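> Sending over a structure as structure tokens; questions will come in a sec.
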Amino acid sequence: ASFCVPCAEGGFAPAGATACELCPADTYQPEQGGARCLPCPDPLMASPPGSTHPFACRCAPGSFANPSTRTCRACPDDHTVDCFQFDQPLPIPSRDGLWVDPLIWTDQPTEALARVVHQCWPAAACKQLHTVEEVEKGPCAEGYA
């Protein structure tokens, strides 16, 4: 005897399918018996195959996260900052002598982001900032305020 069973969360089967499939990357299915998977809520988000919840969708490298709104912002492509981690809360300067103001970064419209990256003068006044934690602590090297 043949019988039908619902697909598990994170899977789907369209009408006429003979087997369930995992939801592809960048989608999710929170319920059993889904006919299709739902896209991540932001086009800059990524999720692994078989995701079961929208919280599996995270800001992908090349973007940074605004945790208060659960949205992503594209990292500027002007080579002043790097966004290479999932859910990175703010960009990291791409070279020594630059700094990002973590207090105003996420409030800027996309076209103004490059203006929030500051040049240190002299370049030695800025610490080498290689992690989000270092950026959050501030830019000044020892002996500078």
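> When only residues in region 1-32 that are at pLDDT 95 or above and on the phi > 0 side of the Ramachandran plot count, which is least open to solvent (accessible area, probe 1.4 Å)?
GLY10
> Something else now. Scanning region 39-63 for residues that are part of a strand (DSSP E or B) and not aliphatic (A, V, I, L, M), which turns out surrounded by the fewest Cβ atoms within 10 Å (Cβ to Cβ)? Break it down into steps so the answer makes sense when it comes.
To start, the set of residues in region 39-63 that are part of a strand (DSSP E or B) comprises 39, 45-46, 58-59, 63.
Pick out the ones that are also not aliphatic (A, V, I, L, M) and you get 39, 58-59, 63.
On the way: PRO39: 15, ARG58: 21, CYS59: 27, SER63: 23.
Filtering region 39-63 for residues that are part of a strand (DSSP E or B) and not aliphatic (A, V, I, L, M), the one surrounded by the fewest Cβ atoms within 10 Å (Cβ to Cβ) comes out as PRO39.
> List the residue pairs whose Cβ atoms are under 6 Å apart, where the first residue sits in region 10-33 and is over 20 Å from MET45 (Cβ atoms), the second is part of a strand (DSSP E or B) and open to solvent by less than 70 Å² (accessible area, probe 1.4 Å), and the two are 6 or more positions apart or on different chains.
From region 10-33, the pairs are CYS20/GLY11.
> Any residue in region 102-123 that is at pLDDT 85 or above, more than 10 Å from the chain's Cα centre (by Cα) and closer than 30 Å to TYR28 by Cα?
Going through region 102-123, the residues at pLDDT 85 or above turn out to be none.
Scanning region 102-123, I find no residue that is at pLDDT 85 or above, more than 10 Å from the chain's Cα centre (by Cα) and closer than 30 Å to TYR28 by Cα, so the answer is no.
The values are calculated or read from the model by the stated rules, or taken from the named source; none is laboratory data. Remember, it's a predicted structure, so these values are computed and weren't measured experimentally. Virtual Cβ from ideal backbone geometry, glycine too; neighbours counted across all protein chains shown. Side chains included, ligands, DNA and RNA excluded: accessible areas come from the protein's heavy atoms. Shrake-Rupley method; radii C 1.70, N 1.55, O 1.52, S 1.80 Å.
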